[in-house]
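Engineer: My structure is below; once you've seen it, I'll send some questions.
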Amino acid sequence: MMHAEKTRDLTMCALFVALIAAGAFMRIPTPVVPLTLQLLFTMMAGLVLGGKRGAAAVGAYILIGLLGLPVFAEGGGPAYIFKPSFGYLIGFAVAAYATGTIANKVPNPGYARLFAANFAGLGIIYLFGMAYCYLISNFYLGTPLGLRPLFLYCFAMTVPGDIVLCVLGAFLGKRLIPIIKNSRM
């Protein structure tokens with residue numbers, strides 16, 4: 001890879017780290033639970049950068065948050081791993097990889113592929129987030145959480161807004177992926 005391409009890729013990864021960090025604080029009020037734009041920017045990292053670079057950008061975001069920079073929705077620092085919501089952050093990295101890999105299997109993905117990629121990523125995020133929340137609540141924090149409240153508070157109340165972000169991400173990806181790919185040539 002040429003030096004200019006490496007510089008461009010590092011710059012794009014840094015841009016998505018900044019967008020994800022900013023997205024943690026961009027809250028859209030909804031009747032049930034405020035919606036942040038973190039999900040949108042982690043999906044877009046995968047779609048635009050590809051699976052590996054997208055996951056690397058999200059991983060860098062998580063690392064700087066764990067090192068103490070207050071980039072997470074509720075601060076930062078190593079103790080953040082004991083928050084019930086930390087599993088969603090892990091899910092963001094895995095989802096960025098999956099989303100980018102699925103979407104970029106073809107040179108110019110269509111809407112169906114982008115929707116599929118985003119919804120696969122969303123499923124991964126909820127799988128990691130809900131499992132981590134359940135385990136940390138029940139086995140570390142000592143605040144028992146049953147499956148019904150877990151489903152209600154960690155899925156049912158938040159998924160409608162996340163579905164909207166998946167759709168928005170697919171439309172943005174359809175526009176941005178060709179632009180980014182053409183800039184690499």
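Engineer: Could you say which residue among Ala79, Ala112 is over 26 Å from Ile179 (Cβ atoms) and modelled with pLDDT of 95 or more?
Structural biologist: Ala79
Engineer: On to the next question. Does segment 117-129 include one or more residues that are open to solvent by 40 Å² or more (accessible area, probe 1.4 Å), among the aromatic types (Phe, Trp, Tyr) and free of Cβ contacts under 8 Å to residues at least 40 places away in the same chain?
Structural biologist: Taking every residue of segment 117-129 in turn, none turns out to be open to solvent by 40 Å² or more (accessible area, probe 1.4 Å), among the aromatic types (Phe, Trp, Tyr) and free of Cβ contacts under 8 Å to residues at least 40 places away in the same chain.
Engineer: Same structure again: If you take the residues of segment 142-162 that are hydroxyl-bearing (Ser, Thr, Tyr) and free of Cβ contacts under 8 Å to residues at least 60 places away in the same chain, which of them is least open to solvent (accessible area, probe 1.4 Å)?
Structural biologist: Thr143
Engineer: Restricting attention to segment 107-116, which residues are open to solvent by less than 50 Å² (accessible area, probe 1.4 Å) and not in a helix (DSSP H, G or I)?
Structural biologist: Pro109, Gly110, listed by residue number.
Engineer: While we're here: Are any residues in segment 24-41 within 10 Å of the chain's Cα centre (by Cα) and free of Cβ contacts under 8 Å to residues at least 60 places away in the same chain, and if so, which ones?
Structural biologist: Gln38, Phe41 - these are the residues of segment 24-41 that are within 10 Å of the chain's Cα centre (by Cα) and free of Cβ contacts under 8 Å to residues at least 60 places away in the same chain.
Engineer: Out of the residues in segment 93-106 that are under 8 Å from the mean Cα position of the chain (by Cα) and closer than 11 Å to Met44 by Cα, state the one that is surrounded by the most Cβ atoms within 10 Å (Cβ to Cβ).
Structural biologist: So, considering only residues that are under 8 Å from the mean Cα position of the chain (by Cα) and closer than 11 Å to Met44 by Cα, the one surrounded by the most Cβ atoms within 10 Å (Cβ to Cβ) is Ala96.
Engineer: Okay, moving on. Checking Gly173 against (1) within 18 Å of Leu49 (Cα to Cα); (2) open to solvent by 20 Å² or more (accessible area, probe 1.4 Å); (3) not aliphatic (A, V, I, L, M): exactly one of these is not met. Which one?
Structural biologist: (2)
The values are calculated or read from the model by the stated rules, or taken from the named source; none is laboratory data. On a predicted model such as this, the values are computed, not experimentally measured, just so you know. No Cβ is skipped: glycine too gets one built from the backbone with ideal geometry, and neighbour counts run over all protein chains shown. When the accessible area is computed, the model is the full protein with side chains, heavy atoms only, and any ligands, DNA or RNA have been set aside. Shrake-Rupley method; radii C 1.70, N 1.55, O 1.52, S 1.80 Å.
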